[in-house]
Amino acid sequence: MAGIQPEIAVAAIPSDERVWVPQAPDVWFRPLLLNTVSGGWCNLLRVRKSGILSRHRHPMAVVGYVIKGRWRYLEHDWIAEEGSFVYEPPGEVHTLTVPEDCAEMITFFNIQGAMIYLDEQGRQNGYEDVWTKIGMCRAHYASCGLGADHVEQYIR
Ligand SMILES: [Fe+2]
């Protein structure tokens, strides 16, 4: 049908290491869908360090599926293990933490809306949405040699 956006079907874990976009030291994301219509994105988060990664709130729902390793939120008792499904309700504040004995975690997240990062006093100290993610991808792909346009295949 005319006007329908093209589908996306890719290996979620890429064979080319450059597809992983650096987020912070030892933290990367791999874009899968950058949805500029509804405002949100699907990605893999890969972490190769332990400790607190971020405290954040999102105004809309997030769902995730743990592909490898494990992590937890300091605010909850449960641990998201390999194979776990997680639903994060809109408005919740939580602090993502990877345990010391986990060398690598990879989790698929479907994030709607935005990520609002908070300091220990709960004050906003960062913000991400689909447009900031696209910007990070463009900058990284331009500098790593894939070319800024590499991101286009994930944008809808
Ligand atoms: Fe979250």
When you scan region 136-156, do you find a residue that is part of a helix (DSSP H, G or I) and among the acidic types (Asp, Glu), even just one? yes
Considering region 10-42 alone, what residues qualify as being part of a loop (DSSP other than H, G, I, E, B), open to solvent by 60 Å² or more (accessible area, probe 1.4 Å) and either hydrophobic (A, V, I, L, M, F, W, C) or touching a His at 6+ places or on another chain (Cβ under 9 Å) (or both)? Val10, Ala11, Ile13, Val37
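Could you please let me know if His140 is crowded, with 17+ Cβ neighbours inside 10 Å, in contact (Cβ under 8 Å) with a residue 40 or more places away in the chain and in contact with a helix residue (DSSP H, G or I) (Cβ under 7 Å, 6 or more places away or on another chain)? Steps first, please.
Working: crowded, with 17+ Cβ neighbours inside 10 Å: yes; in contact (Cβ under 8 Å) with a residue 40 or more places away in the chain: yes; in contact with a helix residue (DSSP H, G or I) (Cβ under 7 Å, 6 or more places away or on another chain): no.
When the stated conditions are applied, His140 does not pass them.
Report, by residue number, each residue of region 102-125 that is without any contact (Cβ under 8 Å) to a residue 12 or more places away in the chain and not basic (Lys, Arg). Explain how you work it out, then say what you get.
Taking region 102-125 and keeping what is without any contact (Cβ under 8 Å) to a residue 12 or more places away in the chain, we get 121, 123-125.
Matches in region 102-125: Gln121, Gln124, Asn125.
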Of the conditions (1) open to solvent by 10 Å² or more (accessible area, probe 1.4 Å); (2) among the hydroxyl-bearing types (Ser, Thr, Tyr); (3) more than 16 Å from the ligand (Cβ to nearest atom); (4) touching a residue at least 24 places away in the same chain (Cβ under 8 Å), Thr97 clears all except one; give me its number. (3)
Considering every residue within region 111-130, establish whether at least one is touching a strand residue (DSSP E or B) at 6+ places or on another chain (Cβ under 6 Å), modelled with pLDDT of 95 or more, open to solvent by 20 Å² or more (accessible area, probe 1.4 Å) and assigned to a helix (DSSP H, G or I). no
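The values are calculated or read from the model by the stated rules, or taken from the named source; none is laboratory data. What you see is a predicted model, and the numbers here were worked out from it, not measured in a lab. Every residue, glycine as well, gets a Cβ built from its backbone with ideal geometry; the counts of neighbours run over all protein chains shown. Accessible surface is based on the protein model in full, side chains and every heavy atom, while ligands, DNA and RNA are left aside. Shrake-Rupley method; radii C 1.70, N 1.55, O 1.52, S 1.80 Å.
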